[in-house]
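Structure in structure tokens, see below.
Just so it is clear, none of the values below were taken in a lab; they were calculated from the coordinates. These figures come from a predicted structure and were not determined experimentally. Methodologically, a virtual Cβ is constructed for each residue, glycine included, from the backbone with ideal geometry; neighbour enumeration extends over all protein chains shown.
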Amino acid sequence: MSQLNQSWWNAITISGSPVSSLESLSNEELRLLVRTIRQFAETNALQPLMGKAIEYLVTALDHLQTLPRDKIDACYISFVEQLINQISHQVARSPNPDTESDKPILNLLERIAIFQELYKQTLTPKPIRYGKGKLLGHYLREMNLVTTDQLLDALDAQRAGLYPESRIGDILIVRGIITRAQLDEAIERQMIDGLEGEG
């Protein structure tokens, strides 16, 4: 086992075992994990992609500590756990990394970035926070109008500029996933919750 590989396994080991399920970790264990992973990044010369992956991973672990667990999407946690596995795969091949593994890592980072942008908006204080901080996508999912994958695909399309100046709700309408009436109902619920939260 290479020094880099040993250093990585030490970083992701909690109570004698490598991390397998993030949801089972306490906040104290998450804080320890963040600290050891940061130490790993600071004490080892990492390739740019690996450094970016570590950055996204640490942000995700911070989210698990700061956001209510029931507000964190299970897909987000799954993507982060997959990222840990992909990093482990790359580190295990050091000093001969598998360049083909860059593709799944890049794909995971794109998916994780979407969630992190959503949670960043939730965590950023705003003068008015409709729905007690909930984004419109949360209401659309609660109403069973969209799936997480459909919402992620719409966000991907928005970020790629496929629908210039369009909001997520409008993109979902254009794609035939929801109707204007359903979007209006979701917005109305969001606004009602916001007004109740102000009371």
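Would you mind checking which residues have amide H under 5 Å from Ile14's amide H? H placed 1.01 Å from N; only 5 or more apart, or other chain.
Sorted by chain and number, the residues that satisfy this are Val19.
If you don't mind, there's one more thing I want to ask. Rounding to the nearest 10 and keeping the result within 0 to 90°, find how far the Cα-based axis of helix 102-123 lies from the longest principal axis of the chain.
50 degrees
I want the local charge near Asp170. Using Cβ-Cβ distances under 14 Å, sum +1 for each Lys or Arg and -1 for each Asp or Glu among the other residues.
+1
Next up: Nearest 10 degrees, 0 to 90: what angle lies between the long axis of helix 148-159 and the longest principal axis of the chain (Cα atoms)?
Taking Cα atoms only, the helix is inclined about 90 degrees.
Provide the per-residue ³J(HN,Hα) series for region 166-171, in order, calculated from phi with Karplus coefficients 6.51, -1.76, 1.60 and θ = phi - 60°, each as a whole number of Hz, with x at glycine and proline positions.
My calculation for region 166-171 gives 8, 7, 4, x, 5, 5 Hz in order.
Could you tell me which residue out of Ala113, Thr43, Ala11 lies farthest along the dipole of region 3-123 toward its positive end? Charges go on the beta carbon: Lys and Arg +1, Asp and Glu -1, centred on the Cα centre.
Thr43
At each listed q (0.08, 0.09, 0.16 Å⁻¹), what is the log10 of I(q)/I(0) that the Debye formula gives for the chain modelled as equal alpha-carbon point scatterers?
-0.33, -0.42, -1.06
Relative to the longest principal axis of the C-alpha atoms of the chain, give the angle of the C-alpha long axis of helix 74-92, reported between 0 and 90° and rounded to the nearest 10°.
Roughly 20 degrees between the two axes.
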